[in-house]
1. Kindly provide the set of residues from the stretch 37-51 that are within 12 Å of residue 133 (Cβ to Cβ) and not in a helix (DSSP H, G or I), ordered by number.
2. Would you confirm whether any residue within the stretch 195-212 is in a helix (DSSP H, G or I) and under 23 Å from residue 130 (Cβ atoms)?
3. If residue 163 satisfies every condition in (1) free of Cβ contacts under 8 Å to residues at least 12 places away in the same chain; (2) exposed (fewer than 14 other Cβ atoms within 10 Å of the Cβ); (3) assigned to a helix (DSSP H, G or I) but one, which is the exception?
4. Being surrounded by fewer than 19 Cβ atoms within 10 Å (Cβ to Cβ) and either within 22 Å of the chain's Cα centre (by Cα) or in a helix (DSSP H, G or I) (or both) is the filter here, so list the residues in the stretch 63-82 that pass it.
5. For the stretch 11-56, enumerate the residues that are over 20 Å from the mean Cα position of the chain (by Cα) and under 25 Å from residue 210 (Cα atoms).
């Protein structure tokens with residue numbers, strides 16, 4: 001069995017058990033991008049509280065966030081944790097949007113993925129996972145997102161090495177799977193659910209996992 005077929009079989013096993021994930025939540029590409037930055041080192045419930053703070057004050061717009069001081073922004077996103085650091089990262093992203101596309105996300109969507117990814121990685125505070133999340137979930141372009149769950153699951157299934165870095169993992173999936181935004185979107189979301197519920201770092205529930213059939 002080739003790698004593409006095998007990885008698609010993994011996807012089918014998760015999808016049939018868990019159903020559609022409807023991830024990433026957000027009413028606009030900008031909101032999704034903000035969420036991708038705020039979710040660093042925290043959980044989504046905390047991010048959602050921070051986003052609601054911005055929405056309730058009618059501030060979830062790039063031009064408005066750009067005009068806020070870092071201290072004001074930090075206080076509003078306090079529930080997301082590391083709020084002073086994340087305020088700086090959000091401000092850096094606002095400057096990027098202003099300079100790169102005049103806050104017009106359709107301009108970004110028309111850019112080549114590699115070029116866009118390189119530019120996002122040049123923004124202070126945006127790493128590979130955040131950049132790929134913005135490209136995939138906010139801009140609807142096929143850039144596979146990997147995280148600790150991805151590595152843990154496929155390492156335990158002997159498909160990737162434990163010492164593979166982010167870029168190597170991303171390349172593995174993108175070289176094996178069709179370049180399909182919907183597939184990448186759902187695949188990553190399903191892996192996160194499996195990693196949280198079953199393939200835990202400690203005391204994994206292997207026999208109950210949707211992927212247990214591949215360990216037989």
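1. 39, 40
2. The initial filter retains those residues of the stretch 195-212 that are in a helix (DSSP H, G or I), namely 195-197, 206-208, 212.
Adding the requirement that they be under 23 Å from residue 130 (Cβ atoms) leaves 195-196.
Yes, there is a match, as at least one residue in the stretch 195-212 is in a helix (DSSP H, G or I) and under 23 Å from residue 130 (Cβ atoms).
3. (3)
4. Filtering the stretch 63-82 for residues surrounded by fewer than 19 Cβ atoms within 10 Å (Cβ to Cβ) gives 63-64, 66-67, 69-72, 75, 78-79, 81-82.
Those that are surrounded by fewer than 19 Cβ atoms within 10 Å (Cβ to Cβ) and either within 22 Å of the chain's Cα centre (by Cα) or in a helix (DSSP H, G or I) (or both): 63, 64, 66, 67, 70, 71, 72, 75, 78, 79, 81, 82.
5. Let us first name the residues in the stretch 11-56 that are over 20 Å from the mean Cα position of the chain (by Cα), namely 12-13, 16-17, 53-56.
12, 13, 16, 17 - these are the residues of the stretch 11-56 that are over 20 Å from the mean Cα position of the chain (by Cα) and under 25 Å from residue 210 (Cα atoms).
Read-outs throughout are calculated quantities, based only on the coordinates presented, and are distinct from any laboratory measurement. In this text, all values refer to a predicted model and were calculated from it rather than measured experimentally. Every residue, glycine as well, gets a Cβ built from its backbone with ideal geometry; the counts of neighbours run over all protein chains shown.
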